[in-house]
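Taken together, the values in this text are just the output of simple stated rules run on the coordinates, not laboratory data. The structure displayed is predicted, hence computed values, not measured ones. Glycine gets a Cβ as well: all are built from the backbone with ideal geometry, and neighbour counts include every protein chain shown.
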Amino acid sequence: MKLTTDRIKKLATASGFDLCGVTSVEIIPEARRHFYDWLEQNYHGQMAWLERHSERRADPSLLLDNARSVIMLGLNYYRPDTENPSTDGKIFGRVSRYARGKDYHKLIRRLTEELIYRIKKELGPTASDEFKWWVDYGPFLERAYAEKAGLGYIGKNSMLINRQFGSWIFLAEIVTTLALEPDDPKAVNHGRCASCRLCVDACPTGAILPDRTIDSRRCISYLTIERPTEIPDEFARKMGDLIFGCDICQEVCPHNGRAVVTSQKEFGPKYGVGEFLDTEQVIGMANRDEFLKLTAGTPLTRPQPEGLKRNARIVIENFNSNPRRE
C-alpha cells in the first residue's frame, strides 16, 4: 500500500502529535553552513558531542541507507504559570516550562513508536520500508528541517515558531525509506520576526546574536543545564531566580501571546517537579538517592546533583543581593 503525506499527517495526529510535516533528505546548504560556522566560533561551549559526526547532523541521508523522506513532528508543551510559592523565609528557584513535568523524551518516544507502528500496519506485512527516529539528542538539525517541512520558521532567538503554538514545541523526526510528497513551506503562512527584536533585548546575558545565532556560552539554559563547571559571576548575577533553564526569550515573543495549553497531562507538575524548587531542599540533598527522588523521570537529572546545587546557590545569592527584584 502506498501512503500519502496527508495520510501520514492523519496518523501522526491519531498518535498524539500536534504537528506533522514532510520534507526530503536533501541537505539544506544554509543550515549546514550556519551550523559549521557556529561550531567554528565555539558557540557550543563545552557541548563537545556536537562536534562529533557533525556531517551526519547536516545530512539525513547518512543516517539511514536509501533514506528518501523526513517526517517532522511537533508536540505542544505549553502550560501557564499557576503556582505561587510561599515566601515564609524560603527561597525558590524557577524551572523552565519544558522541564516541569515528565521527561519529554519518554513521552515522545512512546508517541513516535506508536506512529511508526500505525504506518507499518497500513503498509502491510510485506512492506520493507525502514524508519529511524530521534528527539533533540539525535544527530539532526531538527529546526532547519522542521522549517523546510512547513512546521514554522526559525526566529531571531533560534526557536522554531509556529502560528498556532508559538515556540512552545518539542520536535522529533523520523527518517524513512518511504517516498513521500514533501510539503511546501511557502504554502504555510507562519509570519516572520521582521523588525521585532524583543527577544534580543530581553536576554539578560546577551546570548542572542545576529542571524538567529545563540552563543551558548552566555545562554542561561546552557549555563544551568549543560555547563559542568562553575558559572562565571558576570552571568550568574543575571540569572535571577532561574534554577533550571530559561524562558525569557520565549515569554516576550509576540507569537507566544496566543499560546495553546497542551493536551498532554504528563507535562503537568503532578508528573514532575513543578514550577519552583526549594533551594534549601536542593542544597540539602545528601546523596544521589535524594537527588533522584527529587528529579527522576524529569529533565532535571541532566546537570547532576552538583550542577543543580550550584544553580541553587546562585539563586540564593541573587535573592540576598536583591530580595525585592521582580
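Computed from the alpha carbon atoms alone, the convex hull of region 199-238 holds 63 Å³ per residue.
With 0.36 nm allotted per residue and the present C-alpha distance subtracted, the Thr4-Asp184 stretch has 63.3 nm of extension available. Taking each residue as 0.36 nm, the span from Ser61 to Ser321 lengthens on full extension beyond its C-alpha to C-alpha distance by 88.4 nm.
Suppose R0 equals 22 Å. What FRET efficiency, 1/(1 + (r/R0)^6) with r the Cβ-Cβ distance, do Arg52 and Arg212 give to the nearest 0.05? Calculated value: 0.40.
Each 5 Å bin from zero up to the one holding the largest Cα-Cα distance in region 101-188 carries the following percent of pairs: 3, 12, 19, 22, 21, 14, 6, 2, 0, 0. What lysines does Lys270 reach when the alpha-carbon gap must be under 22 Å and sequence neighbours fewer than 8 apart in one chain are set aside? Cα-Cα hits under 22 Å: Lys90, Lys102, Lys106, Lys293. Exposure proxy shown here: for Glu26, Glu114, the number of other Cβ atoms within 10 Å sets the order, fewest to most, as Glu26, Glu114.
Reported to the nearest whole Å, the Cα centre-to-centre distance from region 252-299 to region 93-152 is 21. Here the chain is assigned +1 on the Cβ of each Lys and Arg and -1 on the Cβ of each Asp and Glu. Its dipole about the Cα centre then comes out at about 500 debye. Here, region 57-103 has an Rg and a Dmax of 20.0, 61 Å when only alpha carbons are counted. The convex hull defined by the C-alpha atoms of region 189-308 has an orientation-averaged projected area of 9.2 nm². The Cα atoms of region 1-154 cover 65, 40, 24 Å along the three principal axes, with the biggest extent listed first. Each principal axis of the Cα atoms in region 265-305 has its own extent, and those three values, largest first, are 31, 17, 15 angstrom.
The base-10 log of I(q)/I(0) for the chain, evaluated at q = 0.08, 0.12, 0.13 Å⁻¹, reads -0.39, -0.87, -1.02 [Debye formula, identical scatterers on Cα atoms, solvent excluded].
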